[in-house]
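Encoded as structure tokens, the structure appears first; notes follow it.
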Amino acid sequence: MRYGFGVDILGTHIRFGFFEETGKLVEKWELELPGFWDNSQILPAIAKEVEQYLSRKGIFEDEIIGIGVGIPGPVSSTGVVNKCVNLSWGVFNIDRALSGLTGLHVKSSNTANLSTLGEYWHDSTSRNMVFMAMNSGLGGGIVCEGTLVNGASGGAGEIGHIIVNREETEACTCGKYGCVEQYCSPPGIVRVARRQLIATRTPSVLRNRRIFDFREVLKAAAAGDKLARDVMNQVYDYAGQALAAVCCVTNPDTIVLGGEFCRIGQPALNGISWSFHKYVFHANETVRFRFADLGMDSTIYGAFKLVYDSFAE
Ligand SMILES: [Zn+2]
């Protein structure tokens, strides 16, 4: 039996999964990163964790296929991190760096892409998948004819930065105006709510509140608050519009909604698919919508699958 690691680097902690070559998850755990940590310590921390785990389990390095790593930023297919703003990383080859520290094969990709790969791997009915997840922003990934699309510089599947509103006057984090993430994300939902509160006289529990977060908008919408419902319909409308555009390029059989969409549940799926069908090209009308099955584990599954596909043979 051979084994492999799937690793997900998050802002405040690192998630690890240890897998059998069959794809069975043996164990998963998290390593907390103290707030004062320097991000240059992340790779040495992963190397140390892997080494300690293997020695504890009595497993030798030649039984390990490698380490798959998810990073919250763009990574090229050769492992070059292209300025990961979330981790204050510059440009360097992470595969080579971590391989140098561990003596193991390393293969990395963008977190959202690996979540997509994890979900795809666990769905035997799909060959062409689009994944869209709302976490701190709006991430995405694309599987086309069974292959995860990475793109020339790792920027494929960035659904959140499809422009859906040409009238927008505030800039997105990417510097452009009117990206779908500016509405369909936690800060985006609050932005849409604030604008509707100013533009209308619709009564709402959110009115006269100086500070509220997106969960309060969701809660109000679920309780039937008219304004909050209008806000979420607007958010879902932009999401559906972006997905319809993606489908014109990839013609998927399945669209998977992940992250906060899973928590919102049926109203998110109904709202987005309703809007999607308003904008969709007829050849894409039969696409199936579903929620992500693997939840927070989709990235470690995808990371293991990536390294397995690269080095298991
Ligand atoms: Zn943007």
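Tallying residues that are among the small types (Gly, Ala, Ser) and surrounded by 24 or more Cβ atoms within 10 Å (Cβ to Cβ) within segment 107-136 yields 6. Can you confirm whether Asp230 is at pLDDT 95 or above, within 30 Å of His122 (Cα to Cα) and either in a loop (DSSP other than H, G, I, E, B) or away from the ligand (no atom under 16 Å from the Cβ) (or both)? No, not satisfied. Among the conditions (1) part of a helix (DSSP H, G or I); (2) out of contact with any strand residue (DSSP E or B) (no Cβ under 9 Å at 6 or more places or on another chain); (3) within 16 Å of the ligand (Cβ to nearest atom), Val190 misses just one, which is (3). The set of residues from segment 164-178 being under 20 Å from Gly141 (Cα atoms) and within 8 Å of the ligand (Cβ to nearest atom) comprises Cys172, Thr173, Cys174.
The values are calculated or read from the model by the stated rules, or taken from the named source; none is laboratory data. Keep in mind that this is a model prediction, so the values were computed, not measured. Neighbour counts run over all protein chains shown; Cβ positions are idealised from the backbone, glycine included.
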